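One structure below.
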Amino acid sequence: MCGIVGYLGNEDAKAIVLNGLFKLEYRGYDSAGLSLYNEKKQRFDMYKDQGRVAHLEALSKDAERSSIGIGHTRWATHGKVNQINAHPHVSHSKRFVVVHNGVIENYKALKRDFLNGMTLESETDTEVIVQMLDSFAQNMSTKDAVQKTLGLLKGSYALLILDQKHPDRLVAAKNKSPLILGKSDNGFIVASDLVALSKHSDCFAPLDDYSVVVVKKDKVSYFNRENSPVEMVFEPMDFDDNLAEMGPYPHFMLKEIMEQPLVVRTIINKYFDEDVLKIKPDIIEALNNSDRVYVLAAGTSMHAGFVGKRLFEKMTDLPVEVHIASEFAYHAPTFSEKPFFVLISQSGETADLRACLVHIKELKHRVLTITNVRTSTLAREADYFLEIFAGPEIAVASTKAYTAQLIVLTLLAYAYGKQTFDIRKALSELAHAMESYLADFEAVETLAKTVLTKRNAFFIGRGVDYYVSLEAALKLKEISYIQAEGFAAGELKHGTIALIEENTPVFGLISDKRIALNTRSNLDEVRSRGARTVTISIDSLSEEDDAIILPDVHEYLRPTMMVLPTQLIAYYAALQRGCDIDKPRNLAKSVTVE
Ligand code: M6R
């Protein structure tokens, strides 16, 4: 969702902020804006509009060189997508300029109580902040005005503030929404995500909730939630900027699909010491002390959770429940006596999960976060944390992170379940099998073109194949806009089969011997009602007419293999329709609002 970048230093602020905004495009947005200090005119100039960052770059092409600036990509929550509602927002006197990521829940009450019925220019919740700052700063220092304003906000915010009276400083503040400060000999950069600041920083420090940082060219002052000055602890920048580049691929999504064998190998390297699996003993201990695992997640990560549940049930004696984070946050089930919570999130910033975490913490239960972003809020606030090492995932549609989540869940179940098969070998074989499939998938491109000719489609399977079907359907709908459903193969005949018409595409997934024939019967049922069926099977269970036959891998790792062709089917269906594959409409990569 919204992304923010600010810069103060010796270099060209516009170039650095725009570069950061380009890097944040993947989060999803509909408008972009920028404010730069114009030293000649001693004011902050404003450039903003709906549309892409490239459009903003053109809009600001004649801007004066500046050493300080802030920028924003907006994913609309309050008010239409238009130029006025785009950030930055400026106060009536033009003194303060603000960009904001998050949602101010009490903005209407704040407007009523502190802005005396002032007419606001935009429909956003953010504008209230900038007008309050201006109004408070008339009778107090900027620092006090910032503290007073922040103290009144309810909701989430990552904020960058510029003050015309002090154009040599940049103020940043955060609660719930992410914000990271980067430092180099040439200046400071602050942004929502490491990817936007890595190129211009030698080291970085994530900001804590309720903290405020005042950045000057030669100095940073950091204040904690009690408003006391504290030392900022910087970590060396180890983020490889090249990993977030598209390279020879036409889309990030295709690049990320192709990277999956590499992700499996990276996980092997990170999680094994020679042949010994390294899962922190305190995590195993926490599982030992629990009687039930509650997996909470959203979207693709939830689909990984479903597969994880099945793996746990096969490899261990611990029951697992999977819950939709947004439901769990406010309608939690009755817990077992000794519950253990596992949050799965690629971004580690999903607001629905954050709401769950707050609830779980209030109840004083233990939480493990499994995420791709070790600096993320959910990683930092959980008791335990496992990194999935997928590398930066830029396409909105999650592919390699799903695979990495499945592998880490498998490792966790393996370690806790005291399994003894050679999992390292099984993973190496998986990487190899994935590679061999990804070396030759032309058939999928043709299939996507010839089969997906209708406005709807179905993916069906049983057991873990059902869970992979859910993921396959989500992938297809989010990037190609074809209405797709993932279904338990045996359930179709209880109602949904009524939707089957001539040439309705139905993909059947078959990777489990026990129910292979049942799924085949379900495919026969829909085929005899006109459906265009496509069978995706694993070699040892394949039949001659199956459209896609995948190499055999260890049974616990089959979901990771089965998902590959479905990701490619979604990709080519979207390509065929001319969709914006990496940035599908209405979607955001990191969903930081509830
Ligand atoms: O960052 P998270 O894993 O917490 O995100 C959860 C979902 O928003 C995400 O998986 C979403 O469904 C993706 N667009 C799927 O491709």
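The values are calculated or read from the model by the stated rules, or taken from the named source; none is laboratory data. This structure is a prediction, so every number in the text was calculated from the model and none was measured. So basically every Cβ, Gly included, is an ideal-geometry build from the backbone, and we count neighbours across all protein chains shown. Areas reflect the complete protein model, heavy atoms only, side chains present, ligands, DNA and RNA absent. Shrake-Rupley method; radii C 1.70, N 1.55, O 1.52, S 1.80 Å.
Quick notes on this one:
- P(r) histogram, all alpha-carbon pairs of the range 115-203 included - 10 Å bins from 0, percent: 15, 41, 32, 11, 1
- A simple rule links phi to the HN-Hα coupling: the Karplus curve 6.51 cos²θ - 1.76 cosθ + 1.60 with θ = phi - 60°, which for the range 205-210 gives 9, x, 7, 8, 4, 6 Hz, with x for Gly and Pro.
- Long-range amide H partners of His554 with built H, under 5 Å: none
- When the solvent-accessible area of the range 3-239 is split by element, carbon and sulfur atoms take up 47 percent of it, the probe being 1.4 Å.
- For Ile460, the residues 5 or more places off, or on other chains, whose built amide H falls under 5 Å of its own are Phe487, Phe507, Gly508, Leu509.
- Portion, in percent, of the accessible area of the range 242-439 that falls on carbon or sulfur, probe 1.4 Å: 52
- DSSP assigns beta bridges within the chain; of those with both partners inside it, close to 65 percent run antiparallel.
- When the alpha-carbon atoms of the range 32-88 are used, the pair Rg, Dmax equals 11.6, 36 angstrom.
- Candidate lysines - alpha carbon under 22 Å from Lys338, same-chain residues fewer than 8 apart omitted: Lys280, Lys309, Lys314, Lys361, Lys364, Lys418
- Take the Cβ atoms of Ser93 and Asn586, set R0 to 35 Å, and the FRET efficiency comes out at 0.45.
- Loop-located chymotrypsin sites (Phe, Trp or Tyr not before Pro) in the range 360-440 whose Cβ has at most 15 other Cβ within 10 Å (DSSP): Phe421
- Of the residues Val468, Pro559, Phe96, the one whose Cα sits farthest towards the positive end of the charge dipole of the chain is Phe96 (charges of +1 on Lys and Arg Cβ, -1 on Asp and Glu Cβ, taken about the Cα centre).
- Loop-located GluC sites (Glu not before Pro) in the range 7-56, at most 14 other Cβ atoms within 10 Å (DSSP): Glu39
- Whichever aspartates and glutamates have a C-alpha closer than 12 Å to that of Lys255, once near sequence neighbours (fewer than 8 apart) are set aside: Glu245, Glu393, Asp582
- Column: log10 I(q)/I(0), Debye, Cα scatterers of the chain, q = 0.05, 0.07, 0.11 Å⁻¹: -0.23, -0.45, -1.03
- Residues of the chain: accessible area per residue with a 1.4 Å probe, Å²: 40
- For the chain, a simple Cβ point-charge model (Lys and Arg +1, Asp and Glu -1, everything else neutral) yields a dipole of about 1580 debye relative to the Cα centre.
- Entry note, the chain: the mean residue ellipticity at 222 nm calculated from DSSP H runs of n ≥ 4, each adding -39500 (n - 2.57), is -10500 deg cm²/dmol after division by the residues and rounding to the nearest 500.
- Averaging 1/r across all pairs of distinct Cα atoms in the range 441-583 and inverting the result yields a Kirkwood radius of 14.8 Å.
- Separation between Cα centres of the range 480-513 and the range 414-453, rounded to whole Å: 22
- When peptides 167-175, 53-61 are ranked by their average number of other Cβ atoms within 10 Å per residue, the highest-first order is 167-175, 53-61.
- DSSP beta bridges fully contained in the range 242-439 are about 10 percent antiparallel.
- Expressed as a whole percent, the accessible area of the range 447-515 that falls on carbon and sulfur atoms is 49 (1.4 Å probe).
- When the GluC sites (Glu not before Pro) in the range 320-390 are filtered for DSSP coil states and for at most 15 other beta-carbon atoms within 10 Å of their beta-carbon, the remaining sites are Glu337.
- Taking amide H as placed 1.01 Å from N in the peptide plane, Ser66 has its amide H under 5 Å from the amide H of Ala13, Lys14, each at least 5 places away in sequence or on another chain.
- q = 0.16, 0.19 Å⁻¹, the range 242-439: log10 I(q)/I(0) [Debye, one scatterer per Cα]: -1.01, -1.38
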